[in-house]
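The values are calculated or read from the model by the stated rules, or taken from the named source; none is laboratory data. Predicted model, so just to flag it, every value in this text is computed and none were measured. Glycine gets a Cβ as well: all are built from the backbone with ideal geometry, and neighbour counts include every protein chain shown. Please note that ligands, DNA and RNA were not included when accessible areas were found on the heavy atoms of the full protein model with its side chains. Shrake-Rupley method; radii C 1.70, N 1.55, O 1.52, S 1.80 Å.
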Amino acid sequence: MITRLSGEDLILLRVQDGHYGLQRGERLQWQNSYCVRMVELGAPRITTDVSTDPNDPFSSLNNSLDIGAYIGLPLVDSDNRLFGTLCAMDPQAQPADLANALPSLTHDAALISFLLNNAVREAREKRLTTFVEHPDRCDDTGLPGRKGWDDICRQEASNCRDFGLQASVLYLQAPEDGDSLTIADSLAALLREQDSIAHLGSNCFGILLADTDEEKSRRVADRIRDALNAKQLLVRIDQEMLISG
């Protein structure tokens, strides 16, 4: 498995599993995983027989996984912070000489970290390019239109699935007689470079908040609402998390 740590969850980004029934996109509990001991407590990165471990944590691992042997190595981001783990589990104990694979696996984990960091960076660059260069543009605001918005959301949902990212979507409805360009300019001033805005028609705007969880999204929505209300633009904002797909 290749996993990403998000809060208290390990999100499974890549899985090859013929026993446990784990699938891509599932979440394991970080605090109930062997990975947390490996990363935070310095437990061995290869345990060939967990029955010899006096502090065996596996009985509590999601209350369902029978683990006889474990391999786990940290994956780090470009700032050398923990991204997630490269890990493997087997229901049976393994030969003791499996521990000799640690140098090779350490090299593999470093290579995967490097590739993941590049892929995440390229995905973020592509997000900005799509927003700036998408051919479907609103004549009034210059923002992407409905088709552009659909493509932006589809692309970001793929990023969330592939890299364990989070994104939130806001739908802003302003009065139809409001100045759409004023609204667009106000939103551009309030949002970050990595966020995307589209004009969906009739003064309805879609806002993609990249790398943003539900709580942060709510705060952004409040800030947008207050700023526009101060300009005598009464708006309604609906919020939802972007579903990966």
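Among the residues making up segment 1-34, those that are among the aliphatic types (A, V, I, L, M) and either touching a Cys at 6+ places or on another chain (Cβ under 7 Å) or not in a loop (DSSP other than H, G, I, E, B) (or both) are Met1, Ile2, Leu5, Leu10, Ile11, Leu12, Leu13, Leu28. Scanning segment 132-156 for residues that are of a type in the set (Gly, Ala, Ser) and outside any helix (DSSP H, G or I) yields Gly142, Gly145. Within segment 165-221, the set of residues being closer than 25 Å to Phe83 by Cβ, out of contact with any Lys or Arg (no Cβ under 8 Å at 6 or more places or on another chain), in contact (Cβ under 8 Å) with a residue 60 or more places away in the chain and not charged (D, E, K, R) comprises Gln166, Ala167, Val169. For segment 193-216, the tally of residues that are of a type in the set (Gly, Ala, Ser) and at pLDDT 95 or above stands at 3. Is it the case that some residue within segment 164-172 is in a loop (DSSP other than H, G, I, E, B) and either of a type in the set (Gly, Ala, Ser) or more than 24 Å from the chain's Cα centre (by Cα) (or both)? Yes. Taken over segment 95-130, residues that are loosely packed, with under 15 Cβ neighbours inside 10 Å, among the small types (Gly, Ala, Ser) and touching a residue at least 12 places away in the same chain (Cβ under 8 Å) amount to 4. Assessment of segment 57-79 against the conditions (open to solvent by less than 80 Å² (accessible area, probe 1.4 Å), at pLDDT below 90 and not in a loop (DSSP other than H, G, I, E, B)) yields at least one matching residue.
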